[in-house]
Amino acid sequence: MTYCVALRLRDGLVMLSDTRTNAGVDNIATFSKMRVVEMPGERMIALMTSGNLAVTQAVVNHVTEGFNRPSSGKVESLVTAPDMFHAAEVVGEAVREVFGAHGATMEAQNIKFEASILLGGQIAGGPMRLFEIYAAGNFIEASEDTPFLQIGEHKYGKPILDRAVSYDMQLYDAIKLVLVSMDSTLRSNLTVGLPIDLLVYKKDEFKTDIRRRLGEDDPYFRHIREDWSTALREAYLRMPRPDWAK
């Protein structure tokens, strides 16, 4: 399993993913779920994936190396997309292409065709956008009212986002928030694991601002984990007991 979260804020994007994959309790491995297509000054596009690893790797290869889109009859990729909406359509069609090639065979083997993808970035001449693409190839977009999207094991990290995310929050403050969200997931679900990959993008810069892998030994992430646990315990202890309890 996995956990990926992305925030589209007024000033930029913050994207975070874990790296654990597992096909059983004794078959655990580390694979990056983040892929970046970057042409400084022209485009910065990042993908994060969740689901069947063979499926998502095939989709990522299609959209980064290029494939013949049936809808256009042309070889297209994230490098050739003229805008972010077109890029989301390219990814969605790549998902359907992979399903067409492997879906029936996977079903015959009782393997579910699972793929969820977060696609965020900006192409020169257009706005910064963030999409979630589903296994059917359709997608939704983050908005000012709902500025974050999640895939994978999202339920443990969602409550802190629901309470604290706002479209206008400072970009670097959002780093703390996604790390707390990830830590909550790491503590509650063993199928999500370190290290984690972080990307920060500032609007209209067309290149990544921060791209960093954080592991157990990273001092800042360790500080976040310890401080958040302490803050929760202290907040709990400060709350009064109910007046009807003896």
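Tabulated results
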{"read-out": "Conditions (1) among the hydrophobic types (A, V, I, L, M, F, W, C); (2) outside any helix (DSSP H, G or I); (3) modelled with pLDDT of 95 or more; (4) more than 18 Å from Y3 (Cα to Cα); number of the one not met by A231", "value": "(2)"}
{"read-out": "Boolean, D197 is over 23 Å from T230 (Cα atoms), in contact (Cβ under 8 Å) with a residue 24 or more places away in the chain, acidic (D, E) and part of a strand (DSSP E or B)", "value": "yes"}
{"read-out": "Test: residue in segment 57-66 that is farther than 26 Å from I111 by Cα and touching a strand residue (DSSP E or B) at 6+ places or on another chain (Cβ under 9 Å)", "value": "yes"}
{"read-out": "Output for segment 81-115, where each listed residue is β-branched (V, I, T) and more than 23 Å from the chain's Cα centre (by Cα)", "value": "T105, I111"}
{"read-out": "Criterion (under 30 Å from N189 (Cα atoms), touching a Leu at 6+ places or on another chain (Cβ under 9 Å) and surrounded by 20 or more Cβ atoms within 10 Å (Cβ to Cβ)) met by exactly one of M84, M44, M34", "value": "M34"}
{"read-out": "Neighbours by Cβ (under 6 Å, 6+ apart or cross-chain): first from segment 58-74, assigned to a strand (DSSP E or B); second β-branched (V, I, T)", "value": "N68/V75"}
{"read-out": "Complete set of residues in segment 200-228 that are in a loop (DSSP other than H, G, I, E, B) and either without any contact (Cβ under 8 Å) to a residue 24 or more places away in the chain or under 23 Å from M1 (Cβ atoms) (or both)", "value": "G215, E216, D217, D218"}
{"read-out": "Scan of segment 1-30 for residues that are touching a residue at least 24 places away in the same chain (Cβ under 8 Å), part of a loop (DSSP other than H, G, I, E, B) and surrounded by fewer than 23 Cβ atoms within 10 Å (Cβ to Cβ), ordered by number", "value": "M1, R10, D11, T19"}
{"read-out": "Of residues in segment 177-227 being among the basic types (K, R) and surrounded by fewer than 17 Cβ atoms within 10 Å (Cβ to Cβ), the one nearest to N27 (Cα to Cα)", "value": "R187"}
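The values are calculated or read from the model by the stated rules, or taken from the named source; none is laboratory data. The structure displayed is predicted, hence computed values, not measured ones. Neighbour counts are summed over all protein chains in view; Cβ atoms, including those assigned to glycine, are modelled from backbone coordinates with ideal geometry.
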